[in-house]
Amino acid sequence: MPDFFSPDVIAVNGVQLAVYEQRPEGEAKPWPVVLCHGMPELAYSWRHQFAPLAEAGFHVIAADMRGVGRSQIFPEKSDYTLAKRLDDMCGLLDHFGYEQGIFIGHDFGGTIVWGMGLYHQDRVKALCACNSPFADMPMDPLDLYNQLYGPKNYFAYFQTQECEDKFNEDPARTFRFYARRDTGEGTNLSRSRQHDPESIAHVHWIHDDETTWPGEVILNDEELDYYASAYTSTGFGGALNWYRCLPLDYEYQKQVYADGLPTITVPVLAVGSELDFIAAHHFYDLLDGYCSHWQKVVIENAGHWTQQEQPEALNAVLLDWLKDISQ
């Protein structure tokens with residue numbers, strides 16, 4: 001496992017990225033595995049995956065995405081577009097001398113994985129999305145979410161300074177709010193255990209008394225302190241800016257693919273979880289229209305934070321898939 005307190009800081013695409021890596025003892029496979037974290041997360045979220053993937057012969061690379069952790073923070077919202085974050089990933093491949101990589105993303109890291117498959121497919125050997133359904137937005141995502149789920153949806157609240165201030169007020173509390181497992185009554189991501197307007201407005205429950213939050217925290221004290229310390233240093237603004245750039249990302253998609261998205265032809269693994277209702281696995285069933293070679297796996301007894309809730313189960317799925325695609 002890498003030393004998550006001492007990353008290599010690498011300059012790529014005009015940004016200083018904190019990069020964590022683990023190499024196999026023998027000769028590495030031709031393609032690295034690039035792990036892309038979501039929000040609110042860090043490369044540390046993949047701590048349980050580094051060793052198994054390296055032992056399987058892969059060079060494993062994960063970065064704190066721009067704006068969080070030990071990576072560079074930018075002042076402008078426009079510095080966080082999907083296009084720039086994809087160029088960061090291409091820069092990582094270039095830095096390490098790889099033509100292609102295997103990209104695995106969780107949560108909003110899935111937008112990077114799907115984006116690599118759409119905009120930089122020549123740099124991708126295969127891709128895996130964990131708890132991150134593919135989204136072909138027919139309109140500006142902020143307008144779409146307002147129409148589908150009402151004005152209190154979390155996309156809308158993430159745009160506000162009030163939300164950022166609340167997250168920054170007590171980062172440990174923010175992580176206790178989000179990083180919870182379902183013990184039978186849902187979590188703050190979906191108390192109804194449905195993908196419904198109430199759940200899509202979940203973020204407003206952060207203002208409630210903590211004793212009202214269902215489920216239990218999945219992080220031990222050491223893990224919680226790592227996340228909280230990192231976000232105390234940076235604030236949540238950078239991570240929220242990924243969501244604030246969604247209209248810009250939509251305009252970029254329309255510009256590049258005015259006639260519709262291309263088919264992703266590289267192997268795709270779609271990983272969902274039984275108890276993840278905010279990114280429900282049934283949304284993957286739409287992939288036939290976008291991917292030519294894909295498969296779906298559902299991890300039992302896991303919620304949204306699969307790689308931290310059920311790491312052994314996820315690792316087994318990833319290793320089986322990687323064995324198949326690397327033969």
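Below, the figures for the structure above:
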item	result
Extended-chain gain in nm, criterion 0.36 nm per residue less alpha-carbon gap, residue 263 and residue 296	10.2 nm
Dimensionless Rg ratio for the range 177-327, taking C-alpha atoms and the 2.2 N^0.38 Å reference	1.22
Point-charge dipole on Cβ atoms (K/R +1, D/E -1) for the range 191-254, about Cα centre, debye to 20	440
Residue-count net charge about residue 151 - beta-carbon cut-off 15 Å; Lys, Arg +1, Asp, Glu -1	-3
Projected label distance in nm at residue 185 and residue 251, using a 7 Å step from Cα toward the beta-carbon	4.5
Lys pairs, the chain - Cα-Cα below 19 angstrom, 8 or more residues apart or on other chains	8
Assigned charges on the beta-carbon of Lys, Arg, Asp, Glu; the range 1-137 dipole about Cα centre (debye)	140
Separation in nanometres of the label points that stand 7 Å from Cα toward Cβ, at residue 23 and residue 48	2.8
For the range 253-327 and the range 108-176, distance of Cα centres in Å	16
Relative contact order computed over the chain (Cα-Cα under 8 Å; 6+ residues apart), in percent	19
Extension gain, residue 99 back to residue 168 (0.36 nm per residue minus Cα-Cα distance, nm)	21.0 nm
Heavy-atom surface of the chain, accessible at 1.4 Å and reported per residue (Å²)	40
Accessible carbon and sulfur surface of the range 165-218 relative to its total accessible area, %, 1.4 Å	41
Whole-Å semi-axes of the chain's equivalent ellipsoid (Cα gyration tensor)	27, 23, 21
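The values are calculated or read from the model by the stated rules, or taken from the named source; none is laboratory data. None of these values were measured; they are calculated from a predicted model. Positions of Cβ are generated from backbone atoms using ideal geometry, with glycine treated the same way; all protein chains shown enter the neighbour counts. Side chains included, ligands, DNA and RNA excluded: accessible areas come from the protein's heavy atoms. Shrake-Rupley method; radii C 1.70, N 1.55, O 1.52, S 1.80 Å.
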